[in-house]
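Got a structure for you, written out below as structure tokens; questions coming shortly.
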């Protein structure tokens, strides 16, 4: 992990480059997978599962009683941890439920907006190296709070009991299909897997490519979620051991994770990197972390002002403020997914249990996207109701604008109404 | 416009088919345009403008004083109409500003969510047959209310004074570039046109294809907005003249617009279609409307229950409830962009001046997407701050979940902190 001296603003783009992602071959293969699922449904899912995951389950759906009974194989400590995390996540996401709004914009013209659950949602829970049961909580809790009437989830075959137990805590149908083919199945529907209106959840490069390709065809998705990122801003009050631990916690995610340390204190940078080398050796996933650290960066900044400027430019998924005045600094953060204030808030708290959501935009998408909130599982519909006196007052504006846009039919929809003194009880009798 | 008898639920998909869209040739051409803009910037914009719009403006940006002075050529009636519409739109969109939320999820664990403006946004305002000055209001007003610090707009060369005047009402930089190349310029940035974080606004098939292709590369967009749609649910209280006028107001948008009438009253259907034939002849855009009506539908429904079921299945952009009990029916609407209640609420009121936004999802996307709201110009960031006693309480849950996911580094970020009785004033001195 190289240590860089102060940067000039002109260097930001070049230095803060993210590790490259995706390749044309994979994009093409994902396109083919989507077409196969569209054309052949379950048959394609079984063939692709065998080919890519080495297993083709007889039954795509995990039977509900398997989910219910999975808890028997899960220890009480883990159940307690899940319950604490779920309670915090529920509390924070409940508070996010949006309020409907109703406004009389002018006399006789009522406008309102109502937030409704998206009816059918699909959750993707990655398998791979470990059962990501936290992702079940992070997606199923807000989906349930939003009131989605049909929640389904896909996860690769061979899910361990912990994961099945987590699913079993919710009213969810679970299908054992992974990868790009799972995303295609939820977006398009197959004989076994119902089509959904929006797809959520993280995944590897194949999953993300499938989400993005299907988004281009109109599928609603939560966000482009790629490799993990962490930026730590540390001043001289920071603990090198804590900084090192936070950097490693993201580096262990995958070789394409990126961790960046910004500090105005060279001793903090040096001691943090020293602590990092020591802590690294004790990690089971040290080989992964070591590869991620190859494109990690430690940057000596002029002052906290420049640290904020660089963080705004980079727009990290996770931002740790290991500084004295974390509260006032946090108020000035503009581009980030989730922010961790002070010395006792490890980034991993947000991954699991503080209550915030861990599904966050990456790759600079924090500039225009948000992490998952309860509102991500909802859509809004607007309503307007105009009384006759309201239309008399508003009509000329509508007609004026419609005619400026050369849309006479739009004007006529008003004029037809104004031309008749309607008996509003029975306008059909006019 | 064919009249269909009652449908069986199994027929919905087949009957409620939308007019086909897009073709592979266009998609490929848009891909090339995006690549050219990425590679050559302004040079490509000028060449494409000349090739596709027949003009290559010397200067891509419309000078601010041209915007300021454009009002001189605009009549006072139109200025008054703009001002009424803007005031209603502002009032309704101001009420939508989301509230920040702060929750102590457990003692010593504070989580909050803050809504911030997306800094750089790009508005696309179509040119073509008429100056869509209403779209300026519908995008620039919420962008301004949200607090976006950099708002730019693109519109094809040759914008008339009315449109320039509308731009001049806001703090916006305007560029005279249209089509797919304008979307590419805003998404990628060129020498003249700054790159933005999210792109908004309707457009033709080329513009939409560019938005969707760039969305697949991570660009945030408002929604997939395609050809206009209107569904009218009319009971025996409906006025055939009003129903006909509403159907025509959407049919005149373009040959690919779709209008659908649902009624449980055969007389209402017959009289509405009769009124439609008469009103059609008086419309300047009757040829366009006639082509749209070729794929219009009038469906006799069993009852209002079935009408709601069909409307939910179709998920129209605009839904007019020309019924006696519009209020209680509206409460049961699930998939729609914007809903118009009662006999005196023409759909065109929402297009221009009631206060609701007219940029809405189409093509069935209402199931998973929302129309533009003030929040569309904002993103959320979550924050958490954990006190030492909070971490002592929450730590075991984080460690338990991290170890269940085989991510020891995540556990260590907690354990490193718990291992030290930190002097929180100066943890760096540990």
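Which ones in the range B:115-147 are within 11 Å of chain A (Cβ to nearest Cβ), under 17 Å from the mean Cα position of the chain (by Cα), under 26 Å from residue B:83 (Cβ atoms) and part of a loop (DSSP other than H, G, I, E, B)?
Correct list: B:126, B:132.
Need the failing condition index for residue A:412 against (1) buried (at least 24 other Cβ atoms within 10 Å of the Cβ); (2) at the interface with chain B (Cβ under 7 Å from one of its Cβ atoms); (3) more than 21 Å from residue B:219 (Cα to Cα); (4) touching a residue at least 12 places away in the same chain (Cβ under 8 Å), just the number.
(4)
Just checking: which of the helices (runs of 4 or more DSSP H) contained wholly in the range A:1-114 hold 3 or more residues that are touching a strand residue (DSSP E or B) at 6+ places or on another chain (Cβ under 8 Å) and surrounded by 15 or more Cβ atoms within 10 Å (Cβ to Cβ)?
Output list reads A:76-94.
Same structure again: Might you let me know whether the range B:175-196 holds any residue that is surrounded by 24 or more Cβ atoms within 10 Å (Cβ to Cβ), touching a residue at least 24 places away in the same chain (Cβ under 8 Å) and at the interface with chain A (Cβ under 9 Å from one of its Cβ atoms)?
Yes; the residues of the range B:175-196 include at least one that is surrounded by 24 or more Cβ atoms within 10 Å (Cβ to Cβ), touching a residue at least 24 places away in the same chain (Cβ under 8 Å) and at the interface with chain A (Cβ under 9 Å from one of its Cβ atoms).
Which of (1) without any contact (Cβ under 8 Å) to a residue 12 or more places away in the chain; (2) within 26 Å of residue B:15 (Cα to Cα) does residue B:336 not meet, given it meets every other one?
Failing condition for residue B:336: (1).
Right, next: Considering B:327, B:371, which residue is in contact with a strand residue (DSSP E or B) (Cβ under 7 Å, 6 or more places away or on another chain) and in a loop (DSSP other than H, G, I, E, B)?
On inspection, the qualifying residue turns out to be B:371.
Would you mind finding the one in B:367, B:388 that is over 25 Å from residue B:258 (Cβ atoms) and at the interface with chain A (Cβ under 7 Å from one of its Cβ atoms)?
B:388
Still on this model: Quick one: count up the residues across the range B:305-336 that are at the interface with chain A (Cβ under 7 Å from one of its Cβ atoms) and surrounded by 24 or more Cβ atoms within 10 Å (Cβ to Cβ).
1
Given the conditions (1) more than 7 Å from every other protein chain (Cβ to nearest Cβ); (2) more than 27 Å from residue B:384 (Cβ to Cβ); (3) buried (at least 23 other Cβ atoms within 10 Å of the Cβ), report the number of the one that residue A:379 does not fulfil.
(1)
Right, next: Tell me yes or no: at least one residue of the range B:342-356 is more than 7 Å from chain A (Cβ to nearest Cβ) and buried (at least 24 other Cβ atoms within 10 Å of the Cβ).
no
Filtering the range B:223-251 down to residues that are modelled with pLDDT of 95 or more and in a loop (DSSP other than H, G, I, E, B), which residue is farthest from the other protein chains (Cβ to nearest Cβ)?
Residue satisfying both the conditions and the ranking: B:235.
Only residues that are over 18 Å from residue A:162 (Cα atoms), in contact (Cβ under 8 Å) with a residue 12 or more places away in the chain and crowded, with 24+ Cβ neighbours inside 10 Å: list them for the range B:393-409, please.
Of everything in the range B:393-409, just one residue is over 18 Å from residue A:162 (Cα atoms), in contact (Cβ under 8 Å) with a residue 12 or more places away in the chain and crowded, with 24+ Cβ neighbours inside 10 Å, namely B:394.
Moving on. So is residue B:372 surrounded by fewer than 24 Cβ atoms within 10 Å (Cβ to Cβ) and more than 7 Å from chain A (Cβ to nearest Cβ) or not?
no
The values are calculated or read from the model by the stated rules, or taken from the named source; none is laboratory data. Keep in mind the model is a prediction, meaning the values are calculated, not measured. Ideal geometry is used to build each Cβ from the backbone, glycine not excepted, and the neighbour counts take in all protein chains shown.
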